[in-house]
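Right, one structure below, let's go through it.
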Amino acid sequence: MNNYIIYHAHGHLDFYNEALYSLISFYKFHPNSDIKIVVYTDNILFFEKILPKEVIYVQINVEQIKKWKGDINFIHRVKINIIQNFTTKFRGNYLYLDTDTYFTSSIDAIFKEIANNSLYLEKYEGDLFESKSRTKKPIATFFKNNNAFKTATDENPIYVLPPFSMWNAGAIGFNSNYINLLDKVMALTDTLYPKLKLHIIEQFSFCYYFQKSRQPLVTDDYIEHYWNFKEFRPILNEFFLFHKEKDLNKLVNYIDNINPLYLSKEKRAYKTKSFVEKTWQKLTKGKKWGIPPYQL
């Protein structure tokens, strides 16, 4: 079966740039790969200028996005719909990636595992019921008070008891044998989002049904996800403007100049500090954190 990597990038230059950076990093480690790239976008021309002609594009528009958000008007519901849309047309091994990701090595081993029925999510985030996160605690509280309800597509009651593992869903890997889970993920998302209004509900839904099937593996040894480093977006814009005359083969030589893991190191370090340490840093340095020097 074919191996597919699926992206969606629509609505704004920031998302196009993120997806393009991610794809350039893919080609750095997979210059002659038979992995098929799929991009759902409203701006095919943007990607065609740089990427190989073999890339598969699916044109989407504002009306389609609105439909995929559904009656609950939830933007991350679009992700589920895009994965469903593609996987019902093409059988194979799939890896969906958020645009704010980049490759740090070859992922041939990931697709080998997916072909053997392994499931992948991006990164383990701990036990839902022990989390202090403002977005996870309400979900834990909800399930302490509301278990054994049903959704439209699952005849089995929904039970969420501690411990319950959470993974980041910036990467989602599975094969055609698991397509039936997508309807259940959608139905659980549609049930929970109106009750909780949290942006990680689709993430929770994938975590729920994936771990009911088998223990997910993680992609973070192969792919980085910089979801909490939005400051990278103007740097990406600067990078692509500076290198606008270069083709894909040349661009792969420059992407490490703006490696987001390196550029976000001060921010990540600041986030781990205590309240007192953060206050002291702001007083002594006059700022929370900064972006290290870089050259385009």
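How large is ³J(HN,Hα) for each residue in the stretch 224-231, as worked out from phi by the Karplus curve 6.51 cos²θ - 1.76 cosθ + 1.60 (θ = phi - 60°), to whole Hz, x for Gly and Pro?
Result, rounded to whole Hz: 9, 10, 9, 4, 9, 10, 5, 5.
What list of ³J(HN,Hα) couplings, whole Hz, do you get for the stretch 40-51 from phi and the Karplus terms 6.51, -1.76, 1.60, once you set θ to phi - 60° and write x for glycine and proline?
For the stretch 40-51, the Karplus-derived couplings read 8, 7, 9, 9, 4, 4, 4, 7, 4, 5, 10, 7 Hz, x marking Gly and Pro.
Show the residues, 5+ positions off or on another chain, whose built amide H is closer than 5 Å to the amide H of residue 58.
Answer set, sorted by chain and number: 39, 40, 41.
Pick out which of 103, 46, 15 has the largest mean-square fluctuation in a Gaussian network model of the chain, springs linking Cα atoms closer than 10 Å.
Greatest mean-square fluctuation among the candidates belongs to 46.
Once every DSSP H run of n ≥ 4 in the chain is given -39500 (n - 2.57) and the sum is divided by its residues, what mean residue ellipticity at 222 nm do you get, rounded to the nearest 500 deg cm²/dmol?
Details: 13 runs with 125 residues, N = 296.
So the calculated ellipticity at 222 nm is -12000 deg cm²/dmol.
Can you give the % of DSSP beta bridges in the chain that are antiparallel, to the nearest 5?
Looking only at bridges with both residues in the chain, the antiparallel portion is about 50 percent.
Please report, as a whole percent, how much of the solvent-accessible surface of the stretch 1-106 comes from carbon and sulfur atoms (probe radius 1.4 Å).
Carbon and sulfur together cover 50 percent of it.
For the stretch 1-68, what is the convex hull volume of its Cα atoms per residue in Å³?
With only Cα atoms used, the stretch 1-68 gives 87 Å³ per residue.
Any chance you could run the full-extension gain for residue 59 through residue 153? It's 0.36 nm times the residue separation minus the Cα-Cα distance, nm to one decimal.
31.0 nm
Whole-Hz ³J(HN,Hα) for each residue in the stretch 108-119, computed from phi via Karplus 6.51 cos²θ - 1.76 cosθ + 1.60 with θ = phi - 60°, x for glycine and proline: what do you get?
Once θ is set to phi - 60°, the couplings for the stretch 108-119 become 4, 5, 5, 5, 5, 5, 4, 4, 8, 6, 6, 10 Hz.
Given 230/288; 136/197; 67/137; 132/273; 230/287; 150/212, which pairs have Cα atoms separated by over 21 Å?
Working: 230/288 15 Å; 136/197 12 Å; 67/137 30 Å; 132/273 15 Å; 230/287 17 Å; 150/212 15 Å.
Correct reply: 67/137.
Enter the mean projected area of the convex hull around the alpha-carbon atoms of the stretch 72-179, in nm², rounded to one decimal.
Working: hull surface 35.0 nm².
Result: 8.8 nm².
List the aspartates and glutamates whose alpha-carbon lies under 17 Å from that of residue 271, not counting same-chain residues fewer than 8 positions away?
Straight-line reach from residue 271, under 17 Å: 125, 231.
Tell me, what does the Kirkwood hydrodynamic radius of the stretch 51-114 come to in angstroms if you use every pair of distinct C-alpha atoms?
Numbers: mean 1/r = 0.0709 Å⁻¹.
One decimal place: 14.1 Å for the Kirkwood radius.
Under 10 Å, Cα contacts only: if you run a Gaussian network model on the chain, which one of 93, 117, 249 comes out with the highest mean-square fluctuation?
Answer for the Gaussian network model of the chain: 249.
In whole angstrom, how far apart do the alpha carbon centroids of the stretch 143-166 and the stretch 242-296 sit?
40
Per residue, how many Å² of accessible area does the stretch 101-166 show with a 1.4 Å probe?
54
Taking all protein chains in place and a 1.4 Å probe, what share, in percent, of the accessible surface of the stretch 152-296 do carbon and sulfur account for?
Ligands and nucleic acids excluded, carbon and sulfur reach 51 percent.
Take the chain, connect every pair of alpha-carbon atoms lying under 10 Å apart with a spring to form a Gaussian network, then pick out the residue of 217, 97, 45 with the largest mean-square fluctuation.
Evaluated over the chain, the most mobile residue of the options is 45.
Just to be sure I follow: if Rg is taken over the C-alpha atoms of the stretch 212-263 and Rh is the Kirkwood radius over the same atoms, what is Rg/Rh?
Reported Rg/Rh (Cα atoms, Kirkwood Rh): 1.13.
At 1.4 Å probe radius, can you tell me the per residue accessible area of the stretch 171-273 in Å²?
The answer is 47 Å² per residue.
How high is the relative contact order of the chain, given as a whole-number percent (alpha carbon pairs under 8 Å, six or more residues apart)?
Contact order relative to length: 21 percent.
For 123, 89, write out the residues from largest to smallest accessible area, computed with a 1.4 angstrom probe and no ligands counted.
89, 123
Starting at 0 and stepping by 5 Å, how many percent of the alpha carbon pairs of the stretch 235-296 end up in each bin?
Going from the shortest bin to the longest, the percentages are 3, 16, 21, 16, 12, 10, 9, 6, 4, 1.
How large is the Kirkwood hydrodynamic radius of the stretch 143-213, in angstrom, based on all distinct alpha carbon pairs?
Taking the inverse mean of 1/r over all distinct Cα pairs, the stretch 143-213 comes out at 12.7 Å.
Report, largest value first, the span of the C-alpha coordinates of the stretch 92-152 along each principal axis, in whole Å.
Principal axes ranked by extent give 43, 28, 19 Å for the Cα atoms.
With a bin width of 5 angstrom, please list the P(r) values of the chain as percents of all Cα-Cα pairs, from the 0 bin to the one holding the largest distance.
1, 5, 11, 15, 17, 16, 14, 11, 6, 3, 1, 0
So what is the accessible area of the stretch 1-62 per residue, in Å², with the probe set to 1.4 Å?
Heavy-atom SASA per residue in the stretch 1-62 reads 45 Å².
Please report the projected area of the stretch 1-146's Cα convex hull averaged over all directions, in nm².
Value for the stretch 1-146: 10.8 nm².
The values are calculated or read from the model by the stated rules, or taken from the named source; none is laboratory data. Note that the structure is predicted; figures quoted are calculated from it, not measured. We work out accessible area using only protein heavy atoms, side chains counted, and drop any ligands, DNA or RNA first. Shrake-Rupley method; radii C 1.70, N 1.55, O 1.52, S 1.80 Å.
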